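The values are calculated or read from the model by the stated rules, or taken from the named source; none is laboratory data. None of the values given here were measured: they were computed from a predicted structure. No Cβ is skipped: glycine too gets one built from the backbone with ideal geometry, and neighbour counts run over all protein chains shown.
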Amino acid sequence: MATTFWVGEIFDPNAEDGSQVESAYDDRWLDHYGGCDGVVTAGNCDTEPRTAANGFFPTRMTPRENPFYLDLPYDDVGDEVANRQRASVVPWASDERYSARVSDPGFSLLKNRWVRMLLADKICYGQIQDAGPGQYDDAKYVFGADDARPANDRFNGAGMDVSPALNGCLGFAELDGENDRIDWQFIDDSAVPPGPWKIIVTTSGVTHES
């Protein structure tokens, strides 16, 4: 299952992971993205429908980073277990572009990585910009080869959150539901085809201010 989240969303102000003002990799996600990825109503950042007419981009703001973003339940920087394991579980950790920085606590092997998603006959692409939902060291689900189910038991057992742009691109049944089942896989950036997901490509690194 996949749910929808968006930059600027605050769905539980009392929960440690209840806000998308910041992400697992960026303490200033809202600022760096350019503001609420939706519509501000009475001071709240709400989502909105996205359509192909404008490439599934937000209608009330201009993003500075890729609006096709997602999370997976593996925080390889902030979670102690995930960080300790990442050299052995992340498939591309030994690749030349990553191997020299595996021991760098300020570098993520997952942030900005591309993912291919499939729902029915629709295929869309996005970049990882956060970790979750509900779990942060679920290596078996994220990297396992045996089709393991997510360890998360919240949000209908979702194993991924997707942005409003991906919600619209994939044709989710609801703007903010939790019943859409998708297939996904990691994909190298060189294999990502042209599309609205490549209008803006996020390249920023980890920003932790404390």
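Structure summary
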{"item": "Residue count for the stretch 63-98, restricted to those that are closer than 26 Å to Leu30 by Cα and either out of contact with any helix residue (DSSP H, G or I) (no Cβ under 8 Å at 6 or more places or on another chain) or part of a loop (DSSP other than H, G, I, E, B) (or both)", "result": "15"}
{"item": "Answer residue from the stretch 158-210, given it is touching an Asp or Glu at 6+ places or on another chain (Cβ under 6 Å) and polar (S, T, N, Q) and is farthest from Ala131 (Cα to Cα) among those", "result": "Thr202"}
{"item": "Number of the exception - Asp180 against (1) surrounded by 14 or more Cβ atoms within 10 Å (Cβ to Cβ); (2) closer than 20 Å to Gly38 by Cα; (3) among the acidic types (Asp, Glu)", "result": "(2)"}
{"item": "Some residue of the stretch 37-52 being touching a Pro at 6+ places or on another chain (Cβ under 9 Å) and exposed (fewer than 14 other Cβ atoms within 10 Å of the Cβ)", "result": "yes"}
{"item": "Selection count, the stretch 143-161, where residues are under 20 Å from Arg116 (Cβ atoms) and in a loop (DSSP other than H, G, I, E, B)", "result": "9"}
{"item": "Test: Cys36 is under 23 Å from Ile199 (Cβ atoms) and assigned to a strand (DSSP E or B)", "result": "no"}
{"item": "Failed criterion for Arg101 (all others in (1) of a type outside the set (S, T, N, Q); (2) crowded, with 19+ Cβ neighbours inside 10 Å; (3) in a loop (DSSP other than H, G, I, E, B) hold)", "result": "(2)"}
{"item": "Among residues of the stretch 196-210, those that are closer than 17 Å to Arg113 by Cβ and in a loop (DSSP other than H, G, I, E, B), counted", "result": "7"}
{"item": "Conditions (1) surrounded by fewer than 17 Cβ atoms within 10 Å (Cβ to Cβ); (2) in contact with a strand residue (DSSP E or B) (Cβ under 6 Å, 6 or more places away or on another chain); (3) among the basic types (Lys, Arg): number failed by Arg113", "result": "(1)"}
{"item": "Test for Ala139: is it within 15 Å of Pro73 (Cα to Cα), in contact with a helix residue (DSSP H, G or I) (Cβ under 6 Å, 6 or more places away or on another chain) and either loosely packed, with under 15 Cβ neighbours inside 10 Å or without any contact (Cβ under 8 Å) to a residue 40 or more places away in the chain (or both)", "result": "no"}
{"item": "Residues of the stretch 93-129 that turn out to be in contact with an Asp or Glu (Cβ under 8 Å, 6 or more places away or on another chain) and farther than 30 Å from Ala52 by Cα, as a count", "result": "2"}
{"item": "Top-ranked residue in the stretch 50-94 [being aromatic (Phe, Trp, Tyr) and more than 14 Å from Gly34 (Cβ to Cβ); ranked as farthest from the chain's Cα centre (by Cα)]", "result": "Trp92"}
{"item": "Where Trp184 falls short, out of the listed (1) at pLDDT below 95; (2) touching a strand residue (DSSP E or B) at 6+ places or on another chain (Cβ under 8 Å); (3) not in a helix (DSSP H, G or I)", "result": "(1)"}
